[in-house]
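Working notes, structure below.
The values are calculated or read from the model by the stated rules, or taken from the named source; none is laboratory data. Nothing here was measured: the structure is a model prediction, and the numbers come from that model. No Cβ is skipped: glycine too gets one built from the backbone with ideal geometry, and neighbour counts run over all protein chains shown. What goes into the accessible areas is simple: the full protein's heavy atoms, side chains included, and nothing from ligands, DNA or RNA. Shrake-Rupley method; radii C 1.70, N 1.55, O 1.52, S 1.80 Å.
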Amino acid sequence: MTTRSKSGLTVAQTWRMKPNKRPVTRKARQPLDAEALNRFALAYVGRYATTRAKLATYLSRKLRERGWDGEDAPPIDAVVTKFVEAGYVDDAAFAAARSGTLTRRGFGSRRIGQALSADGIDRELAASFDHDAEAAFVAAETFARRRRIGPFATVEADDIARRKALSAMIRGGHDFSLARRFAEAAPGEIPHREDR
């Protein structure tokens, strides 16, 4: 049904139209072969910064969705290795970029390690991005500033607000003693960097 607007244009009134009752037919997806697996991997690494583990998980998911057309087992490990050797997947570069981003957002070493572990980075490589005392203080200060905790709060916090701020900083991956110094600081009084 259509109606004429004040400007003289004809406008469709879709809310009064009957819905289309035709069944939705989807084209059947063909199972993947080695060439299709490579195409999916190339499209994924072309679009996202990734790790070996994330690429393998993605390819496994595509195989579950579409099935495998080859006679042998799907060569997921071989495809991932090929992309690592070609330089399309670099766990160290991914970890450096991810830890840098999280550090700039004010997260502590523990939270960064958890994020890298979730991305499939091994523990030794993740441990190489732990903060030293100076970087930990700067990250905690950044986190407190972003969340308006302690010295960056607009009003003096009561006991409940201090506990919430302390909890937020600990969840952010900061050491308890450093988090406590920021959570208990009065507005405008930034803690000293003496406890390095």
Legend entry - Rounded, prolate or oblate (a/c below 1.5 giving rounded, otherwise prolate when a/b exceeds b/c) for segment 95-196 by Cα gyration tensor: prolate
Legend entry - Relative contact order of the chain, defined on C-alpha pairs under 8 angstrom at six or more residues apart (%): 16 percent
Inset, instruction - Taking only protein heavy atoms into account and a 1.4 Å probe, give the accessible area per residue of the chain in Å². - result: 68 Å²
Inset, instruction - Let me know the charge dipole size of the chain about its Cα centre in debye, to the nearest 20, where only the beta-carbon of Lys, Arg (+1) and Asp, Glu (-1) is charged. - result: 1940 debye
Legend entry - Long-range amide H partners of W68 with built H, under 5 Å: L32
Inset, instruction - Can you figure out the FRET efficiency of A168 with R110, using R₀ = 22 Å and their beta-carbon distance, to the nearest 0.05? - result: 0.95
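Share of the chain's accessible area from carbon and sulfur, percent, 1.4 Å?
50 percent
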Inset, instruction - Report the charge-dipole magnitude of segment 18-105 in Debye, nearest 20, computed about the Cα centre from +1 at each Lys and Arg Cβ and -1 at each Asp and Glu Cβ. - result: 1040 debye
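Using a 1.4 angstrom probe with every protein chain in place, what is the largest-first accessible-area order of V79, V84?
V84, V79
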Inset, instruction - Please work out how many pairs of lysine residues in the chain are eight or more positions apart (or on different chains) and have Cα atoms closer than 24 angstrom. - result: 4
Inset, instruction - May I ask for the net charge around A93, where only other residues with Cβ less than 15 Å from the Cβ of A93 are counted and Lys, Arg are +1 while Asp, Glu are -1? - result: -2
Legend entry - Residue order for R123, R39 - accessible surface, 1.4 angstrom probe, largest first: R123, R39
Inset, instruction - Give the Rg (one decimal place) followed by the Dmax (whole number) of the chain, computed from C-alpha coordinates and expressed in Å. - result: 26.4, 75
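Can you tell me how much longer the chain between V84 and R39 gets when fully stretched, taken as 0.36 nm per residue apart minus their C-alpha distance, in nm with one decimal?
14.7 nm is the gain from fully extending V84 to R39.
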Inset, instruction - Let me have the 222 nm mean residue ellipticity of the chain computed from DSSP H runs of 4+ only, each contributing -39500 (n - 2.57), with the sum over all residues rounded to the nearest 500. - result: -16500 deg cm²/dmol
Legend entry - Accessible surface ranking that places the most exposed of R193, R64 first, with a 1.4 angstrom probe: R64, R193
Inset, instruction - Would you calculate the separation in nanometres between label points at E189 and L125, each defined as 7 Å from the Cα along the Cα-to-beta-carbon direction? - result: 4.5 nm
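For the chain, which span is the longest to avoid every loop-located (per DSSP) member of GluC sites (Glu not before Pro) having at most 12 other Cβ atoms inside 10 Å?
Of all site-free stretches, the longest is 72-155.
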Inset, instruction - Heads up, I need the accessible area for F152: 1.4 angstrom probe, whole protein in place, Å², nearest 10. - result: 40 Å²
